[in-house]
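One structure is given below, encoded as structure tokens.
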Amino acid sequence: MSKRFQKTPTEKFDRPFVGEWISQGFDRATISFAEDFGKWLADNNLSSAQIRNIFGEVKRMEGKRPENNEDYAQFKKDFLLLKPKIAYAAKRSGSRGIEDFKVVMDKAHEAVDISGDKETSWKHFQNFLDFFESVLAYHKAYGGN
């Protein structure tokens, strides 16, 4: 169990998200954040079911790496639509955990630069996916259902 995490389940998660984790890649601070956030989500009763559709969509996108301009246009559209899907899941659930999940994932989403070339966008997307998976792994490790 992380000694850095000293919050009670009713407090708001307030560690700052760093956009460079998405644009430049992971470091130890990224993993520390993912661990603390995953534990906080588990402590605040976020269930896997509440975010399963969003994660499934991200994994589906991973399987369709854009190879040409038409694929890339569809990838950008699908990626942009993740943000409203996260908002919908948060509103539908209404739990404390999902609201803070939305805040952090919105920041991670915004850190993905899809306005540039395909390779850069794909690298940022992969970092976004890795971050998402890290948070979910720690959520599960700390008892999230």
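The values are calculated or read from the model by the stated rules, or taken from the named source; none is laboratory data. Since we're looking at a predicted model, the values are computed, not measured. Using ideal geometry, Cβ is built from the backbone for each residue, glycine included, and neighbour counts are taken over all protein chains shown.
Within the range 62-90, which residues are more than 16 Å from Phe132 (Cα to Cα) and of a type in the set (D, E, K, R)?
Across the range 62-90, the qualifying residues are Lys64, Arg65, Glu67, Glu70, Asp71, Lys76, Lys77, Asp78.
Select from the range 85-133 the residues that are assigned to a loop (DSSP other than H, G, I, E, B), under 19 Å from Ala34 (Cα atoms) and of a type in the set (Gly, Ala, Ser) and list them in ascending order. First the steps, then the outcome.
First, pick out the residues of the range 85-133 that are assigned to a loop (DSSP other than H, G, I, E, B): 94-95, 111-117.
Remaining after also requiring under 19 Å from Ala34 (Cα atoms): 111-112.
Passing the criteria: only Ala111.
Please enumerate the residues belonging to the range 12-47 that are modelled with pLDDT under 90 and under 13 Å from the mean Cα position of the chain (by Cα).
Leu41
Residue under question is Gly116, and the condition is that it be on the phi > 0 side of the Ramachandran plot, at pLDDT below 90 and surrounded by fewer than 18 Cβ atoms within 10 Å (Cβ to Cβ); does it hold?
On the way: on the phi > 0 side of the Ramachandran plot: no; at pLDDT below 90: yes; surrounded by fewer than 18 Cβ atoms within 10 Å (Cβ to Cβ): yes.
Criteria not met by Gly116.
In the range 63-93, what count of residues is obtained for those that are more than 18 Å from the chain's Cα centre (by Cα) and not basic (Lys, Arg)?
9
Of the conditions (1) crowded, with 16+ Cβ neighbours inside 10 Å; (2) within 26 Å of Asn145 (Cα to Cα), Ala29 clears all except one; give me its number.
Condition not satisfied by Ala29: (1).
Using the structure shown, decide if Leu82 is surrounded by 14 or more Cβ atoms within 10 Å (Cβ to Cβ), without any contact (Cβ under 8 Å) to a residue 40 or more places away in the chain and part of a helix (DSSP H, G or I).
Working: surrounded by 14 or more Cβ atoms within 10 Å (Cβ to Cβ): yes; without any contact (Cβ under 8 Å) to a residue 40 or more places away in the chain: yes; part of a helix (DSSP H, G or I): yes.
Considered against the rule, which asks whether it is surrounded by 14 or more Cβ atoms within 10 Å (Cβ to Cβ), without any contact (Cβ under 8 Å) to a residue 40 or more places away in the chain and part of a helix (DSSP H, G or I), Leu82 comes out as yes.
Inside the range 94-110, can you point out the residues that are within 11 Å of the chain's Cα centre (by Cα) and of a type in the set (A, V, I, L, M, F, W, C)?
Those that are within 11 Å of the chain's Cα centre (by Cα) and of a type in the set (A, V, I, L, M, F, W, C): Phe101, Val103, Val104, Met105, Ala108.
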